[in-house]
Structure formats: structure tokens, C-alpha cells
Amino acid sequence: MNLLQQKIIRRIKSEGPISFKTFMEMALYEPELGYYTSQKTRIGRSGDFYTSSHLHPAFGMMIGKQTEEMWEIMGRPSAFQIVEIGSGAGYLCKDILDYFRGMSDKRQETNREKEIYKHLQYIIVELNPAMRENQKNLLSDFSDRVSWASSIRELNNIKGCILSNELLDAFPVHIIEINDEIEEVFVSTDNEKLTEIKGTPGTSGIANYIKEFSIELEKGHRTEINLEIKNWLNEIDSVLTEGFILTIDYGYSSEDYYSEDRNRGTMLCYHKHQMTEDPYQNTGEQDITAHVNFSSLKKWGDELGIKTIEFCRQGTFLVSLGIDEVIAEIHKNSTDYPFEVARIKKLILPGTMGETHKVIIQYKGSRKPELRGFAIKNQIISLRLP
């Protein structure tokens, strides 16, 4: 039993059973002990999972293209901020800045620097001090452009783009199960072992959420409810003066999320690239995730005056932005064309991240932007509620 497990069990013995949300929060974010706050956190080939930015620099190039268009739409402001929340290893930031600086990903030959680069400030919001140091080492060539913060609340008067890639799926969630009535899952102990019990929901937010999204579940249905997204949007609203929120993650519309096809929910755990459904093992040493209800982003954003403008699958988004042009360039110059293209395919094709991951862009301001990333298809209508 590790230190974090001991701490969770002591808390339960002292305070009584805790909600699954509280358990997940401690497992992922307990200072120095949680999965995302420990010095042992590893992402990528040597870690527990990888994200799109680990597959190929073309992903960051396309995000760079999209944020460059945002800058153009906003009238090319003299100060433009990209705020990346949860940058992981820092590869996405590096690939975006390499694109802006006109650097070729393989040969590192300087082409023409993008005009936006002169006006750019890149801010990484990173909770983990050890991860922050790793990011600073990776991004040392961009020390004049990149700064760090520990929380969104440290920022103000942001004009630009709030960016996240696989962030919201790691927000702590409530778990509910439908029996004779709605019950919430709590975590208790039995002989020093973590166990689940069910009881009356500990917050009215659960019933409000079910009503708000017109969710109807059959008896035995078990699922997650993410209330933290609303708090996150409120925090962003307080610091974003004008600009975009670009969110990439895996998830569904509310209708698909809470369909009978997913009557056991979407929660998964990742440990050394192995997927499990047991959140109570390897506590603090495995990732715990739940898919995103993108309809909640739209509804709660719209209520704040942050308009959801576009939504589609990641593959469609990247193809719209011209990732095929990158493939053509690789064909001309790469010494390992099959390997590189195989990795890009994992970003765009059905059955890969291109299908499972979605891109949603929201906008705060007085303009009516239309973005190239959604030129092929905009599926925003799928997020509407009954």
C-alpha cells in the first residue's frame, strides 16, 4: 500500500465514505502523490498513454494553422496569447512554435517566419512542478515566447486562444447508478481495501444535471457526471477578454453519451499503456479518465456568452486544415515515408484518434468567425438538446 492509498483510507476512516469524485481528485491531483502531480508522471512511449502530439509534429502544425487564422480573424492584434492548459510533455507547444518560426520538423531549416510569431505570447498552465521543469528544458529555444502559470486564475485580460488537448477527460467525475432511484457511488474501506458503496447523491448538482440535459436512464445504468466543466468554463470566462477556446478530447454528444449502448459508462484507467476498468488499483500511479459530454460545453458556454461555433471529429478537422499537404511534403523529403505517414494516419482515419477525438471551438467576442478547420464538416447540430 503506497502513501496515497494510506492517506485516502485515513480520510475515509476519519470522515466516512467519500464520493468517487473526491477519490478521483485525490488519485490524480493530491499534491506530490497524485498521478498528475507526482515527479514520476510519464506520458508518451515510456509512460502510461500518449496523445496526438506524440504521434507526429503535423498535429501541432495544424493547430498552429488554426490559431494563426484566429489571429487574422481578430484583426491581427499586436499582442496575441495562446494559453495551453495541461501541456503534458510540451510537444504540442514546441510543434506550434516551430511552425510559427518557420522550422522544418526534420531538417530544422529555417523558412519564412510567420508574422504572428512577433506578436505571440505562449502561456502554459501546468500544476506539476516536475513536469514544468521538463517543459522548460524542451522549450528552451523559445524562452522569449513561453511563460508558465500554475492556475488559470493567475491570468487576466487574455486575448487569443485557450487551448487544451485531452484535459477535460481527466476532470474528476461523479458516478451514478440507477436502481429504484438515482444513487451515487461512494468509496469506502473493508479491511484496508477500497470498496464501493451506493447512497443518496451528495450534491443537488447531479439531479440538476440530469434534468438539464434531459437524461433518461434505465434501471442498472451506471455512468459519469462531470460538473467540473462548468467551473472550468467560468474560470476561463473570468480571464478571457476576447478570443477562442479550442478543446480537443474524446467524447460524445449528450444523447450518445447517455444512450443505452453505454450503460456501464465510459470510465477507463491506463497504466503502462495497458487499459483497465479498475480505478482502485495502482492508486496515484495510473491515469483515470471519463469521456466528455460535449453538449455540456456548448450549453454552459452559451449561457456565459461564449458561443460554440464549430464541432467535428479530429480527422475531419485536420484534413480541412490541409494535413494532406504535410503528407505530400514528407513524400518528397522524408527518408522514412511509410513510418511517418502511418503515424499521421492514426491522427485522421476512422478507428483511430481521428474518429474517437473531437474538436470543439467556442468564441467570446463580437465577431462572427468561420474557421478553415470545419470547412469540410461542422457537426454542431449534434450537440443540441431535445
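The values are calculated or read from the model by the stated rules, or taken from the named source; none is laboratory data. Just so you know, these numbers come straight off a predicted model, no measurement behind them. FYI the Cβ positions are ideal-geometry reconstructions off the backbone, even for glycines, and counts take in every protein chain you see.
GLY265 meets the conditions (1) in contact with a helix residue (DSSP H, G or I) (Cβ under 8 Å, 6 or more places away or on another chain); (2) touching a residue at least 60 places away in the same chain (Cβ under 8 Å) in every case but one. The failed one is (1). Within this structure, ASP336 fails the test of being of a type in the set (Asp, Glu), modelled with pLDDT of 95 or more, farther than 30 Å from ALA27 by Cα and surrounded by fewer than 19 Cβ atoms within 10 Å (Cβ to Cβ).
Residue by residue, here is whether (1) in the same structural domain as THR22 (by TED's automatic domain parsing); (2) farther than 22 Å from LEU383 by Cα; (3) among the β-branched types (Val, Ile, Thr) holds:
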| site | (1), (2), (3) |
| --- | --- |
| ARG262 | no, no, no |
| LYS272 | no, yes, no |
| THR276 | no, yes, yes |
| PRO279 | no, yes, no |
| ASN293 | no, no, no |
| LYS298 | no, no, no |
| ASP302 | no, no, no |
| LYS307 | no, no, no |
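Could you tell me whether GLU329 is acidic (Asp, Glu), crowded, with 17+ Cβ neighbours inside 10 Å, assigned to a helix (DSSP H, G or I) and not assigned by TED's automatic domain parsing to the domain that holds SER214? Taking the combined requirement at face value, the residue does not satisfy it. Taken over segment 280-309, residues that are outside any helix (DSSP H, G or I) and either over 19 Å from LYS358 (Cα atoms) or under 17 Å from the mean Cα position of the chain (by Cα) (or both) amount to 16.
Residue pairs whose Cβ atoms lie under 7 Å apart, sitting 6 or more positions apart in sequence or on different chains, and linking a residue in segment 71-95 that is without any contact (Cβ under 8 Å) to a residue 12 or more places away in the chain and within 16 Å of PHE244 (Cβ to Cβ) to a partner that is outside any strand (DSSP E or B) and not aliphatic (A, V, I, L, M), do not occur here.
Taking segment 93-127 as the range and being of a type in the set (Lys, Arg), in a loop (DSSP other than H, G, I, E, B) and either at pLDDT 95 or above or within 24 Å of ARG76 (Cβ to Cβ) (or both) as the test, the residues that pass are ARG112, LYS114.
Total residues in segment 177-221 satisfying the condition of being in contact with a Lys or Arg (Cβ under 7 Å, 6 or more places away or on another chain) and either assigned by TED's automatic domain parsing to the domain that holds ARG262 or at pLDDT below 95 (or both): the figure is 1.
Confirm whether GLU183 is out of contact with any Cys (no Cβ under 9 Å at 6 or more places or on another chain) and free of Cβ contacts under 8 Å to residues at least 40 places away in the same chain. Answer is yes for this residue.
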